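Below is one structure; the comments refer to it alone.
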Amino acid sequence: MLTGKTFLITGVLMESSIAFHVAKLAQEQGAQVILTSFGRTMKITRTIAKRLPQEAPVIELDVTSEEDLAALAGRIGEHTERLDGVLHSIGFAPEGAFTFLDASWEDVSTAIHVSAYSLKALGVAALPMMSEGGSIVGLTFDASFAWPVYDWMGVAKAAFESTNRYLARDLGPKGVRCNLVAAGPIRTTAAKSIPGFETFENSWDDRAPVGWDVNDPVPTAKACTMLLSDWFPATTGEILHVDGGVHAMGI
Ligand SMILES: NC(=O)c1ccc[n+]([C@@H]2O[C@H](COP(=O)([O-])OP(=O)(O)OC[C@H]3O[C@@H](n4cnc5c(N)ncnc54)[C@H](O)[C@@H]3O)[C@@H](O)[C@H]2O)c1
């Protein structure tokens, strides 16, 4: 499905990372992948990159660093002449952002910077490498609702979803599609760092008509891989739910 394609995959931290499974599936479907990581996690990502079917190069990108963003196209250019797509699999909020009424603007602004604005920042930084068009795919947690514990991360995801629509508007004429996958809860490092994450885990499977396994990132990764492929050529600004069907149920 992806022979001859090259993708930039952000967000591989551990083998549990959704991005790891997207990178693995993409390689299995014939693509080349380039990973990003930053700071102290670079070493961990390099180790995890060896567990892919083919070891992938890891380049530095802190998505809040203007310096890294400015250098991104050059760093990608050391490994490939062009990209066919980018996976945004980045999310972070300080602990204070998970207490809605008491959260400081400093904590909230960090959550929005890393988790929402970064989609635009990454898209623009990678754009010079997608001169023949491409696909940008990101991961959200359905921001249509007020969830238990998610708090300002939920607000950041609402901004992220809106950012995806504006990016789709502005990059569509350049041949770049922008879509999100709204995943159900998956036990990753980011999820486990959310205080009270088990609240989601315990009820999701019961509410999902086709069931939901919090330990299985593969259904989510498959949807991301499909959206990166040529199989959604007229789809942009979309949010595809991969949540066992929970979003469509009343109770
Ligand atoms: N796990 C879930 O339940 C779930 C559900 C829906 C959506 N998501 C979303 O999936 C995406 C991937 O998260 P995950 O669950 O695989 O967890 P993860 O912890 O494996 O991945 C999060 C990644 O974000 C990266 N990151 C954080 N700050 C960064 C920065 N400043 N610059 C660059 N990278 C940075 C981390 O290094 C890490 O690789 C996130 O956007 C998350 O919100 C997760």
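The values are calculated or read from the model by the stated rules, or taken from the named source; none is laboratory data. Just so we're clear, the structure is a prediction, and the values are computed from it rather than from any experiment. Backbone-built Cβ (ideal geometry, glycine too); neighbour counts: all protein chains shown.
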(request) Could you list all residues from the range 163-213 that are away from the ligand (no atom under 12 Å from the Cβ), touching a residue at least 12 places away in the same chain (Cβ under 8 Å), on the phi < 0 side of the Ramachandran plot and surrounded by fewer than 13 Cβ atoms within 10 Å (Cβ to Cβ)? (result) R169, K174, P195, P209, V210
(message) Being of a type outside the set (S, T, Y) and free of Cβ contacts under 8 Å to residues at least 12 places away in the same chain: is that true of K50 here?
(response) yes
(request) State all residues of the range 223-246 that are surrounded by fewer than 16 Cβ atoms within 10 Å (Cβ to Cβ) and not acidic (D, E); if no residue qualifies, say none. (result) W231, P233, A234, T235, G245
(request) Among the candidates I251, I239, single out the residue that is out of contact with any Phe, Trp or Tyr (no Cβ under 7 Å at 6 or more places or on another chain) and in a strand (DSSP E or B). (result) I239
(request) Go through the range 62-108 and give me each residue that's in a loop (DSSP other than H, G, I, E, B), of a type in the set (A, V, I, L, M, F, W, C) and free of Cβ contacts under 8 Å to residues at least 12 places away in the same chain. (result) L101
(request) Output yes when any residue across the range 214-222 is outside any helix (DSSP H, G or I), over 15 Å from the mean Cα position of the chain (by Cα) and surrounded by fewer than 15 Cβ atoms within 10 Å (Cβ to Cβ), and no when none is. (result) yes
(request) Answer yes or no: is there a residue in the range 135-150 that is of a type outside the set (F, W, Y), over 14 Å from L180 (Cα atoms), modelled with pLDDT of 95 or more and crowded, with 20+ Cβ neighbours inside 10 Å. (result) no
